[in-house]
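Structure first, commentary second.
The values are calculated or read from the model by the stated rules, or taken from the named source; none is laboratory data. Given the structure is predicted, the values throughout are model-derived calculations rather than measurements. Here the Cβ positions follow ideal geometry from the backbone for every residue, glycine too, while neighbour counts run over all protein chains shown.
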């Protein structure tokens, strides 16, 4: 199989960058003596996730019960399902636990806690539960000082379902400077440790303290009191992460390969056969320091076409334009040429495809990794 | 199977609305004595597309060669692949034609025309070609007055590959008023007829004149000279189409069903288990008269929660907020409740799923339609 035989658009992974990204976070967390529980929501692919564990299996975080099913079948038995649980998913959770999966679920309310306790009582099973804690107001969870936190933990502890706490410093995606990211990481850790101590003072044991986001995982200076770190997009990285200086553009391991289907010098446009169906509609860089439209453009050999971005998309068409200044189309761009587009958000772009084509250190097509989607 | 047994998020189709939308466009085009060639890129599902043809097969438009393969297997042999062709896809086109598919391709340059002619000569096959014409500057195609148009059509005609022209009035998506949409439709038709006459004056026969977009298809008053009309999103409709008054909110046949996983009165937030992975990242209403965020919120019974929208999303989480004014959360929204989200753009939202769950006239779960994605 060669690159030339592939129909565009397709998804390319640069293996040396992918491996280097994995190594970077592993090294950092090893030095801090804290294990990683990678979030497989980005990759959703067996060979890709196995690469994180050197071919083995290890603790993972999942964003859907379909991920839980798939990775359980392939030997990944230590899992956290990191989306607040609801009743319609409890029978599925039960099936997984009965298959031998050590699946932890998360929740943030008395209602959910009472439903889980009642479900476990009725079916005579144990579903280990983490309480989600909010450390920066960015999304879900109970605040560290919340009175509800004590009520919920007691309900779960009494039923012997309480396993610990989970935090996600989503606010760190807005941190531009190194010191801001270091502070966000320390805030995530300190909040976690504070909550753990509050629970222990009330006589509630809190064995698991799970924290993480890609920015805080890379910039944490101390992880005392934390039992594990989660991160997802770090294996591929993307323009959003480059914009907040968690990685450089050269670290981005994922790109969409596309073909030029039209050149319109009078408009300064290049038309490509990658629209939002391939690139995703993610505009994560729109509110950042550098807006990359629907993605930054590289030539077929991976060299940046400086300042050229995918400016607009329809389902299977993309329009490339120069961001600023000249609208003169690079004279060497012709109909039929291949280009590569770096993604704003690797999780979103990867989810538009059912496979990855992997380039080795020489840039040769070496492997095809299938991935899955949906619920 | 009942709705209660389904895990959220899932995709719901309201069959009476879907059928009414199909009937509306069929009636309109019948009255104008012009056949429809529906664009199956929205549905990508056999039972859904068969419903358009009363259970039969008919002429279709496809956006990927995977759609071409799938629908050919199921008897849909008259197809247009409506994305500008490139060389890496010609072997696939050849396979389809050799299987008996009457597959028309499109292009807009001498380079593409010469490549197709050479490919056909080498492989001794006929690939019928339409030239893409630009009627409103919105995306691809040659303008009606373009000198290149005559060169390209001659290259194709000489090789006996030229079949006609294809236009898409993408600019009609910006037409708010009825008269603007009527004018866009007439411009699309008149441009097509002008080009056809220009070609015929040069001695080039132009049997196919294919035009269409969902707004112009519904607002065309006359289709003289046009041989067929294309439209895609009209079967489901969506908030983008409602915003430009092509349909009403009550016509939208597609919604994402989700469960409340958190209620934060202090922030005026409702958290749901549908993030961008379910809703898509499409923000098509952002630049329209009414911005619906990532979608408009209905209660479980389908009644609008007036002014509540999905304000932000992460992969598997959505944050619902009231658009304006009060942030008081409706007192009857509780953790565990089901809500429905109307999509900004039905093509994008549907593509996040691999199946549709179909509600009959009584709102009961009556069918499951599988759909496919990717290339």
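When region A:293-316 is examined, which residues are found to be within 14 Å of chain B (Cβ to nearest Cβ), crowded, with 24+ Cβ neighbours inside 10 Å and touching a residue at least 40 places away in the same chain (Cβ under 8 Å)? Of everything in region A:293-316, those that are within 14 Å of chain B (Cβ to nearest Cβ), crowded, with 24+ Cβ neighbours inside 10 Å and touching a residue at least 40 places away in the same chain (Cβ under 8 Å) turn out to be A:294, A:295. The set of residues in region B:244-262 that are more than 14 Å from residue B:299 (Cα to Cα), in contact with a helix residue (DSSP H, G or I) (Cβ under 7 Å, 6 or more places away or on another chain) and surrounded by 19 or more Cβ atoms within 10 Å (Cβ to Cβ) comprises B:244, B:246, B:247, B:251, B:252, B:253, B:254.
How many residues, within region B:250-284, are under 19 Å from the mean Cα position of the chain (by Cα), more than 19 Å from residue A:277 (Cβ to Cβ) and assigned to a loop (DSSP other than H, G, I, E, B)? Within region B:250-284, residues that are under 19 Å from the mean Cα position of the chain (by Cα), more than 19 Å from residue A:277 (Cβ to Cβ) and assigned to a loop (DSSP other than H, G, I, E, B) number 2. Does residue B:13 fit the bill of being more than 14 Å from chain A (Cβ to nearest Cβ) and either within 22 Å of residue B:277 (Cβ to Cβ) or modelled with pLDDT under 95 (or both)? Yes; evaluated as a whole, the condition is true for this residue. Among the residues of region A:19-45, the one identified as in contact with a strand residue (DSSP E or B) (Cβ under 8 Å, 6 or more places away or on another chain) and within 22 Å of residue A:363 (Cα to Cα) is A:45. Of all residues in region A:339-361, those being out of contact with any strand residue (DSSP E or B) (no Cβ under 7 Å at 6 or more places or on another chain) and either under 18 Å from residue A:273 (Cα atoms) or within 12 Å of another protein chain (Cβ to nearest Cβ) (or both) number 6. The listed residues are A:159, A:140, A:192, A:183, and the only one of them that is in the same structural domain as residue A:82 (by TED's automatic domain parsing) and in contact with a helix residue (DSSP H, G or I) (Cβ under 8 Å, 6 or more places away or on another chain) turns out to be A:159. Looking across region B:89-129, the residues that are assigned to a helix (DSSP H, G or I) and either without any contact (Cβ under 8 Å) to a residue 24 or more places away in the chain or outside the structural domain of residue B:155 (by TED's automatic domain parsing) (or both) come down to B:91, B:95, B:111, B:118, B:122.
The test for being within 18 Å of residue B:19 (Cα to Cα), away from chain A (no Cβ under 11 Å), in contact with a helix residue (DSSP H, G or I) (Cβ under 7 Å, 6 or more places away or on another chain) and not in a strand (DSSP E or B) holds for residue B:43.
Residue by residue, here is whether (1) surrounded by fewer than 20 Cβ atoms within 10 Å (Cβ to Cβ); (2) farther than 21 Å from residue B:315 by Cα holds:
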residue: A:2; (1), (2): yes, yes
residue: A:5; (1), (2): yes, yes
residue: A:18; (1), (2): no, yes
residue: A:31; (1), (2): yes, yes
residue: A:37; (1), (2): no, no
residue: A:50; (1), (2): yes, yes
residue: A:55; (1), (2): yes, yes
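Among the residues making up region A:317-338, a single one is over 24 Å from residue A:7 (Cβ atoms), assigned to a loop (DSSP other than H, G, I, E, B) and within 14 Å of chain B (Cβ to nearest Cβ): A:329. A count restricted to region B:167-187 and to residues that are within 21 Å of the chain's Cα centre (by Cα), more than 22 Å from residue B:228 (Cβ to Cβ) and part of a helix (DSSP H, G or I) stands at 3.
Right, residue B:183: touching a residue at least 40 places away in the same chain (Cβ under 8 Å) and more than 18 Å from residue B:106 (Cβ to Cβ) or not? So residue B:183 does not fit the description; no. Restricting attention to region B:130-155 and to residues that are more than 14 Å from every other protein chain (Cβ to nearest Cβ) and in a loop (DSSP other than H, G, I, E, B), the residue that is surrounded by the most Cβ atoms within 10 Å (Cβ to Cβ) turns out to be B:135.
Evaluating residue B:57 against the criteria (1) within 14 Å of another protein chain (Cβ to nearest Cβ); (2) over 30 Å from residue B:277 (Cα atoms); (3) part of a loop (DSSP other than H, G, I, E, B) leaves one unmet condition, (1).
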